[in-house]
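For reference, the structure is listed below as structure tokens.
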Amino acid sequence: MIGGSVLQAIVTACLGATTSIAGLVVNLVFVGLTGAIASVPIMSTMGEHVGRMGGDANAKVYSLFTIAYSISVIIVPTVLPPIMSAVGFAATMGVVSAVLVFGALVLAIRPTMMLVKHGRAAYQGENALPFL
């Protein structure tokens, strides 16, 4: 998740630097690819939570993911156009990249603290602690 967010930030920054339609298409392919890379750990973590909460928790967990996604789909198109009209497309993609890196850093805080507190062995085996 953290690595995927950083990769997505790099590709998004490159998206702002494109000057041709062909370059834009190639960069959008990589944006989609890194988006899929970033979502794999999210889906596996959701599956882990469903397993801990019981089989009927699938709807609860997936609905929370859908709500978070829906909020972002509403907020991003509302916030970014004023930024783009003020500073341009490339700088707007820089802002999006900075938000992705900030999110990756925030996501890295808790697992790092837990790893320091409990050690690597606490996350392995049958009675492993949840990582996120």
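The values are calculated or read from the model by the stated rules, or taken from the named source; none is laboratory data. Quantities reported herein were computed from a predicted structural model and do not represent experimental measurements. Cβ atoms come from the backbone with ideal geometry, glycine included; neighbour counts cover every protein chain shown. For accessibility, only protein heavy atoms count, side chains too; no ligands or nucleic acids. Shrake-Rupley method; radii C 1.70, N 1.55, O 1.52, S 1.80 Å.
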Quiz item: Heavy-atom accessible area of Tyr69 with all protein chains present, probe 1.4 Å, nearest 10 Å²?
Solution: 140
Quiz item: To the nearest 500 deg cm²/dmol, what mean residue ellipticity at 222 nm is calculated for the chain from DSSP H runs of n ≥ 4 alone, each contributing -39,500 (n - 2.57), summed and divided by the residues?
Solution: -29000 deg cm²/dmol
Exercise. Using label points projected 7 Å from each Cα along Cα→Cβ, tell me how many nm separate Ile74 and Ile42, to one decimal.
Key: 1.7
Quiz item: Semi-axes of segment 57-107's equivalent ellipsoid from the Cα gyration tensor, sqrt of 5 times each eigenvalue, largest first, rounded to whole Å?
Solution: 27, 15, 5
Exercise. Please work out how much accessible surface Ser70 shows to a 1.4 Å probe, ignoring ligands, DNA and RNA, in Å² rounded to 10.
Key: 50
Practice problem: Measure nothing but the geometry: give the 0 to 90° angle between the long axis through the Cα atoms of 58-87 and the longest principal axis through the Cα atoms of the chain, rounded to 10°. | Solution: 30
Self-check item: Between helix 89-118 and the chain: long-axis angle, C-alpha atoms, 0 to 90°, nearest 10
Solution: 10
Self-check item: Helix 2-16 axis, angle to the chain major axis (alpha carbon atoms, nearest 10°)
Solution: 10
Exercise. Please work out how much accessible surface Leu24 shows to a 1.4 Å probe, ignoring ligands, DNA and RNA, in Å² rounded to 10.
Key: 60
Practice problem: Report, as a whole number in µm² per second, the diffusion coefficient that Stokes-Einstein gives for segment 1-98 at 20 °C and 1.002 mPa s using the Kirkwood radius over alpha carbon pairs. | Solution: 141
Exercise. Would you calculate the separation in nanometres between label points at Ser63 and Ala86, each defined as 7 Å from the Cα along the Cα-to-beta-carbon direction?
Key: 3.7
